[in-house]
Amino acid sequence: MTMTATYQPYTLNFKQASGTSRGILKTKDTWFIILNEGEKKGVGECGMFRGLSIDDRPDFEDKLKWVCKNIQLGLDALLLQLEEFPSIQFGLEMAFKSIESIDGFDLFPSKFTKTEDSIAINGLIWMGTESFMKQQIQDKIEAGFSCIKMKIGAIDFQTEINLLKSIRKEFNSNDIELRVDANGAFKPSEALEKLKILSDFDLHSIEQPIKQGQIAEMAKLCKATPLPIALDEELIGVFSEEKKQALLENICPQYIILKPTLIGGFKGSDSWINLAHKQNIGWWITSALESNVGLNAIAQYTYGLNSNLPQGLGTGSLFSNNFDSPLLVKNGTLQYNKVEPWKFNLEVCI
């Protein structure tokens, strides 16, 4: 049976403009690879992130066309040719898992997909006015989250400190675990002082305090920090095992954060996790604003890793035109609320 492949672009619309230190997000482009083999179909999402992904380049769609034209080469051979296109690697892995599965979407059968278990996740607080951020925090606490991740670095630092103060006045670290994500917003010259101030609030960790690529500065920070540091953007564009190992050995972070879309899918994530374990570096998985199709795959993969940390997988409700999904956020966890049958509505893409 001959396999054929096509791809479709799609634009996700945020329900509410979402702020990060890199700017305000209103839309998110993504692409779907659709495999056909007889009666079987498979769907994978290539959620390249403009301005962040290493494969945000002019020939991205040309590479997608090449993949579809050469799909008969098979998954392993294609992945070897796609090292510089991690989001396409991820979409392909997902599509091949999808076409092999019974229903196209139960990619990693487990207690999670049987609705017998759930995944602990963090509640995400987007940047904005003080009142907007306070409201988000209150909403997440009322929704049962015990771990909150707050984006920082775009508004006045003192305002952000006041927000953290107000949370800690009501909730100690046993009640609410707090993570902050600076998205590289701090200057190296000011970062350590800011980390010292932030450490007063008993935070779990801070993601990417300074911009990626400043290896020596980040290594100094990780050595001197009073607050655990998690690398995020730092992992993007590091392809070979040797370079990954060298990065972790040079910087010695406390944690790394893995976004499969940005680092080469399941295989790319497995590679980082194996290296992290060797150095006793902690890790967790985070989505990169994929649609529910990609988020479903990431959630199923994540459950199989048996991590005991809250994961960053609560992004499915951000978009007004997302796809139907069996994923349900409830009491600070991600659950699989299996809908029969759950079908990917391809016509929505066209």
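Brief remarks on what is shown
- Failed criterion for Thr4 (all others in (1) loosely packed, with under 14 Cβ neighbours inside 10 Å; (2) of a type outside the set (Lys, Arg); (3) free of Cβ contacts under 8 Å to residues at least 24 places away in the same chain hold): (3)
- Condition met for Phe96 (of a type in the set (Phe, Trp, Tyr), crowded, with 16+ Cβ neighbours inside 10 Å and farther than 30 Å from Lys211 by Cα): yes
- Listed here are the helices (runs of 4 or more DSSP H) enclosed by region 258-326 that have at least 3 residues being over 12 Å from the mean Cα position of the chain (by Cα): 265-278, 292-303.
- Hey, Ala219 surrounded by 21 or more Cβ atoms within 10 Å (Cβ to Cβ), farther than 23 Å from Ala288 by Cβ and of a type outside the set (Ser, Thr, Tyr) or not: no
- All conditions in (1) modelled with pLDDT of 95 or more; (2) assigned to a helix (DSSP H, G or I); (3) crowded, with 20+ Cβ neighbours inside 10 Å hold for Lys140, with the sole exception of (1).
- Region 192-215, residues that are touching a helix residue (DSSP H, G or I) at 6+ places or on another chain (Cβ under 8 Å) and over 25 Å from Ile285 (Cα atoms): Leu192, Lys194, Ile197
- Options Gly153, Gly144, Gly123: the member that is small (Gly, Ala, Ser), more than 30 Å from Tyr303 (Cβ to Cβ) and in contact (Cβ under 8 Å) with a residue 24 or more places away in the chain: Gly153
- Of the criteria (1) surrounded by fewer than 21 Cβ atoms within 10 Å (Cβ to Cβ); (2) in contact (Cβ under 8 Å) with a residue 40 or more places away in the chain, which one Cys46 fails: (1)
- Tallying residues that are of a type in the set (Gly, Ala, Ser) and closer than 19 Å to His204 by Cβ within region 311-333 yields 3.
- Gly123 falls short on exactly one of the conditions (1) at pLDDT 95 or above; (2) within 30 Å of Ala17 (Cβ to Cβ); (3) in contact with a Cys (Cβ under 9 Å, 6 or more places away or on another chain), and that condition is (1).
- Filtered by the rule that a residue be farther than 21 Å from Ala120 by Cβ, at pLDDT 90 or above and outside any loop (DSSP other than H, G, I, E, B), region 169-193 gives Ala185, Pro188, Ser189, Glu190, Ala191, Leu192, Glu193.
The values are calculated or read from the model by the stated rules, or taken from the named source; none is laboratory data. None of these values were measured; they are calculated from a predicted model. Ideal geometry is used to build each Cβ from the backbone, glycine not excepted, and the neighbour counts take in all protein chains shown.
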